[in-house]
Amino acid sequence: MADTKSKTGDVRPRPVIDAEICKGCGRCIVACPRKVLRPRTGINHRGVQPAEYTGEGCTGCAICFYNCPEPYAIEIEVPDRPKR
Ligand code: SF4
Ligand code: SF4
């Protein structure tokens, strides 16, 4: 049987945000059609609140990724589809 789990073991798509690279602009939060991103509690070394995933509801559409101006701040982890 094909492995459908992501690197973290989750079988659903999810955004992965690097809290230290994120500059807290909030563009991904505004752009997400599912509204599953929010500002994280606390600040990073840049002195800003990075974005974080609420943990539920991501469809893997990658709109947040394409709206992020900061290279490597956010990526979308999409588990492999099962092979037929
Ligand atoms: S991939 Fe789509 S649904 Fe998931 S967090 Fe990004 S914008 Fe929202
Ligand atoms: S758009 Fe990018 S830099 Fe801005 S808050 Fe989201 S992940 Fe951080």
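Each reported figure results from applying straightforward, stated rules to the coordinates on display, with no laboratory input. In this text, all values refer to a predicted model and were calculated from it rather than measured experimentally. Cβ: placed from backbone, ideal geometry, glycine included. Neighbour counts: every protein chain shown.
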Quiz item: Under the condition of being of a type in the set (A, V, I, L, M, F, W, C) and buried (at least 16 other Cβ atoms within 10 Å of the Cβ), which residue from segment 66-84 is farthest from ligand 2 (Cβ to nearest atom)?
Solution: 76
Exercise. Working carefully through the options 29, 21, 17, find the one that is within 13 Å of ligand 1 (Cβ to nearest atom) and touching a residue at least 40 places away in the same chain (Cβ under 8 Å).
Key: 17
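Step by step: first the residues of segment 18-36, then only those that are assigned to a loop (DSSP other than H, G, I, E, B) and small (Gly, Ala, Ser), then the one that is nearest to residue 57 (Cα to Cα). Which residue is that?
Taking segment 18-36 as the starting set, the residues that turn out to be assigned to a loop (DSSP other than H, G, I, E, B) are 18-26, 32-36.
Still in the list and also small (Gly, Ala, Ser): 19, 24, 26.
Working: 19: 20, 24: 21, 26: 18 Å.
Of everything passing the filter in segment 18-36, 26 is nearest to residue 57 (Cα to Cα).
Take residue 56 and tell me if it is surrounded by 10 or more Cβ atoms within 10 Å (Cβ to Cβ) and of a type in the set (Asp, Glu). Walk me through how you get there before you give the answer.
Values: surrounded by 10 or more Cβ atoms within 10 Å (Cβ to Cβ): no; of a type in the set (Asp, Glu): yes.
It is false that residue 56 is surrounded by 10 or more Cβ atoms within 10 Å (Cβ to Cβ) and of a type in the set (Asp, Glu).
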